[in-house]
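Okay, structure first, notes after.
Derivation of every value follows stated rules applied to the coordinates shown; laboratory data play no part. Keep in mind it's a predicted model, so treat the numbers as computed, not measured. Glycine also receives a Cβ, built like all others from the backbone with ideal geometry; neighbour counts cover every protein chain displayed.
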Amino acid sequence: MNQVEAELTYCVDDGTMPVNETKDAVTKMPTYSGNYDRHVMPIHDGRSWDKPINIEVNGFELVEHRTAMQDFLDSDELQSVYYPEMEALVKKHT
């Protein structure tokens, strides 16, 4: 199975509420709170797994999706096409 190693950041379960906002509503700057640990982890190509990938076991699910996106560098298309697709996909699988 193909794999790479990557440093992943995990929330520390210390009772504090983690917050990760890409853009704060007022300052438009990233906002972070909580405590985090970094770990180097193997990342596998899940497309070749013989068992279903389940959010309860693996922390995520791998589902097939064909996007209507033509240009991922087009921010208008991202907002009008991709974001609604992802919202619908998450709703369907959660």
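Given the conditions (1) loosely packed, with under 10 Cβ neighbours inside 10 Å; (2) part of a loop (DSSP other than H, G, I, E, B), report the number of the one that V4 does not fulfil.
Unmet condition: (2).
Please name all residue pairs, on different chains or six or more residues apart, with Cβ atoms under 6 Å, provided the first residue is in region 1-24 and is free of Cβ contacts under 8 Å to residues at least 40 places away in the same chain and closer than 18 Å to F60 by Cβ and the second residue is among the hydrophobic types (A, V, I, L, M, F, W, C) and not in a loop (DSSP other than H, G, I, E, B).
Close Cβ pairs satisfying both conditions: V4/I43; E5/V40; A6/I43; E7/V40; L8/M41; P18/C11.
Tally up the residues in region 42-62 that are under 17 Å from N2 (Cβ atoms) and aliphatic (A, V, I, L, M), please.
3
Identify, please: which residue in region 69-88 is more than 24 Å from G46 (Cβ to Cβ) and of a type in the set (D, E) and is, among those, surrounded by the most Cβ atoms within 10 Å (Cβ to Cβ)?
E77
If I ask for residues that are without any contact (Cβ under 8 Å) to a residue 12 or more places away in the chain, in a helix (DSSP H, G or I) and exposed (fewer than 10 other Cβ atoms within 10 Å of the Cβ), which ones from region 26-68 would you list?
Hit for region 26-68 is E56, nothing else.
For region 14-25, what are the residues that are in a loop (DSSP other than H, G, I, E, B) and either among the hydrophobic types (A, V, I, L, M, F, W, C) or surrounded by 10 or more Cβ atoms within 10 Å (Cβ to Cβ) (or both)?
At the first step, the residues of region 14-25 found to be in a loop (DSSP other than H, G, I, E, B) are 14-18, 22-25.
T16, M17, P18, K23, D24, A25 - these are the residues of region 14-25 that are in a loop (DSSP other than H, G, I, E, B) and either among the hydrophobic types (A, V, I, L, M, F, W, C) or surrounded by 10 or more Cβ atoms within 10 Å (Cβ to Cβ) (or both).
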